[in-house]
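Colleague: One structure coming up, written as structure tokens, with questions to follow.
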């Protein structure tokens, strides 16, 4: 990593820390100010909203979460509301762009959304944590008034009250945050939004057309979310199990302490008297008062009694009066309750049971028993303490609500940073490489140069396998470009050598004709002029590509290669050829085709270049009306390149000096070409030739052999 890039990265991280610290400070300041003024609000979200406006999702969610954690140091309950803080932060980020431009509709929508999250969601958590109670305060008083005006029950009226109070709170929070944002220098917001962490989308992106079905982002998000959820679920499950166990242990300890106190205070010698004479026994009522005092020592203790367990039932020694049940008198024989009946043999043997849980007509109870033994270890009676477990349910629900809320807050925060880090170190670099690779072209030297420049400018420095992949791709691409450049350079050299050899070969053939001069070069130029004109505005435009033109022009010098087999006497005869001599001269077309056919067989693969050379050699003397040679082809059965060469060959022969004639004037030669349209020549080719008359005249005047 370059020094400049490293400094930029450090500067970006410093900016992130600063904006998070600003958000937390404003949140805490707003909360303390609200407490100082005694307002029925919260004002602990100003920094969260401002951070969303300035810096996007990462600092906003972080500030919202850490605010609750820090405030939880002074008020632990506040910590459990962190999940709603991060949800509010995420919601504000969604609307941030509209809030920056003060769009009223979206401001109202933002207020209602985050008020519902904080009011309804927070109110529900308050109800669960409070043991199905909303506690006390302004919101509860307003709920009572609402329920009085429109009966809807305790729960709904309080939930509505929380929502209404939160609307006021969030309205103040959002407006203050927008005001702060508008007062800050515009360049400050631009600086934060230009940081590398701002553009990372912390939310799951909607799949676009062309996107992979299972992108890395989706896979990582699913993996992180699933893993953290499973860990959270396991931790919550273990915690609840432990909490339930420790609560039952506390219940048993509380009951055991009571039974031990009773066992230590009761006079074992009087138990028989208590059973026979009851309250008439001296000290009975005093001991009963002690039992009442012990029962009142814990709100969970519902029933407290001492029974002598026998086959015929439970004989009452002491049985305290309760609001649910009248006390039985000493000596009464009761039917065994569910626990005693279930473990009767154990009770009768003196082994008894230490504790049991029942849920019957007496309620959901945790019962603790302790025997009162005589000197021989025989049970005289059993002390029983029944503790109501109704509160256990609500306390466990409250504990579960705290855990889930706290874990969900951590889960959202962890997922946010996991997606951000994955986006920054994996997804963004991989997509950047893919984008450059997709747009990279090798068509031209400039395109290859720009492609290499784009790859080098990525500067991916993740310090892991992604960076290794990038460096390998950069190296491979650079090597490929150099290889292509080298291959193209050598190909160009081969092409020039090939064209040079063709011209040399054509010159060798033509040099036998003492008057042909630069015929092979000029016919190539005329052919190119005609083809370019046809490419612009003829019905053959689709067939005529730049590559096609290059193949025809390069192979044009070989159109008379067959003349190498024509004797010099015939080739250079100054007068008119006899019929036999003309027949011999016409063989050069088929001979040229055979020569090039042999070349194709030697090369061993199809070549458009050689195929066009064969077409030119074999068919340049064919005529549009079918009266040409050697095959008598007509119309479009004649290859296009040969139809073009027919015009170029005849025109150059007309305007050039030959052993048997003087050169014709260009105008006369053009007239002859014009007259041959539709009979000797393809009308479209003639039209294109005549349309480019100026270029034709210039070429006719050149000496291309120099």
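Only the coordinates and a few stated rules stand behind these numbers; no lab work does. The structure displayed is predicted, hence computed values, not measured ones. Here the Cβ positions follow ideal geometry from the backbone for every residue, glycine too, while neighbour counts run over all protein chains shown.
Colleague: Which whole-number percentage describes the relative contact order of the chain, with Cα contacts under 8 Å and a sequence gap of 6 or more? Before the final figure, lay out the partial values.
Modeller: On the way: 933 pairs, mean separation 65.1, N = 706.
Result for the chain is 9 percent.
Colleague: Would you mind putting 571-581, 53-63 in packing order, based on average other-beta-carbon counts within 10 Å, highest first?
Modeller: On the way: 571-581: 12.5, 53-63: 26.5.
Packing proxy ranking, top to bottom: 53-63, 571-581.
Colleague: A further question follows. So if I take the centroid of the Cα atoms in the stretch 331-372 and the same for the stretch 17-47, what is the distance between those two points in Å?
Modeller: Here the answer is 56 Å between Cα centres.
Colleague: Quick one: angle between helix 519-537 and the longest Cα principal axis of the chain, in degrees between 0 and 90, rounded to 10, please.
Modeller: With both axes taken from Cα atoms, the answer is about 50 degrees.
Colleague: Please order 657, 532 by the number of other Cβ within 10 Å, starting at the fewest. Each step should come with its number before you reach the end.
Modeller: Working: 657 12, 532 16.
So the ranking, lowest neighbour count to highest, is 657, 532.
Colleague: At a Förster radius of 35 Å, what calculated FRET efficiency corresponds to the Cβ-Cβ distance of residue 270 and residue 246, to the nearest 0.05?
Modeller: Details: r = 38 Å, r/R0 = 1.09.
That pair, residue 270 with residue 246, gives E of 0.35.
Colleague: Roughly how far apart, in whole Å, are the Cα centres of the stretch 149-194 and the stretch 406-435?
Modeller: Here the answer is 28 Å between Cα centres.
Colleague: Work out, step by step, the length gained on full extension between residue 187 and residue 260: first 0.36 nm times the residue separation, then minus their alpha carbon distance; give nm to one decimal.
Modeller: Values: separation 73, 0.36 × 73 = 26.28 nm, distance 7.45 nm.
Contour length minus Cα-Cα distance gives 18.8 nm.
Colleague: If neighbour count is taken as other Cβ atoms inside 10 Å, put 465, 612 in order from fewest to most.
Modeller: Taking fewest neighbouring Cβ atoms as first place, the list is 465, 612.
Colleague: While we're looking at this one, here's another question. Taking Rg and Dmax of the Cα atoms in Å as the quantity of interest, determine which of [x] 45.6, 163; [y] 51.1, 168; [z] 33.8, 155 was computed from the displayed structure.
Modeller: Answer by label: [y].
Colleague: Continuing with the same structure: What percent do you get for the relative contact order of the stretch 3-199 when only Cα pairs under 8 Å and 6+ apart count?
Modeller: Taking the mean separation of contacting Cα pairs over the length of the stretch 3-199, I get 24 percent.
Colleague: What does the highest-first list of 278-285, 303-310 look like by mean Cβ count within 10 Å?
Modeller: The densest-packed peptide leads the list: 303-310, 278-285.
Colleague: How large is the helix-only mean residue ellipticity at 222 nm for the chain, computed as the sum of -39500 (n - 2.57) over DSSP H runs with n ≥ 4, divided by its residue count, in deg cm²/dmol to the nearest 500?
Modeller: Result for the chain: -21500 deg cm²/dmol, rounded to the nearest 500.
Colleague: Right, next: Between the alpha-carbon centers of the stretch 628-688 and the stretch 115-141, tell me the distance in whole angstrom.
Modeller: Their Cα centres are 100 Å away from one another.
Colleague: Beta carbons within 10 angstrom, averaged per residue: use that to sort the peptides 65-78, 345-358, highest first.
Modeller: 65-78, 345-358
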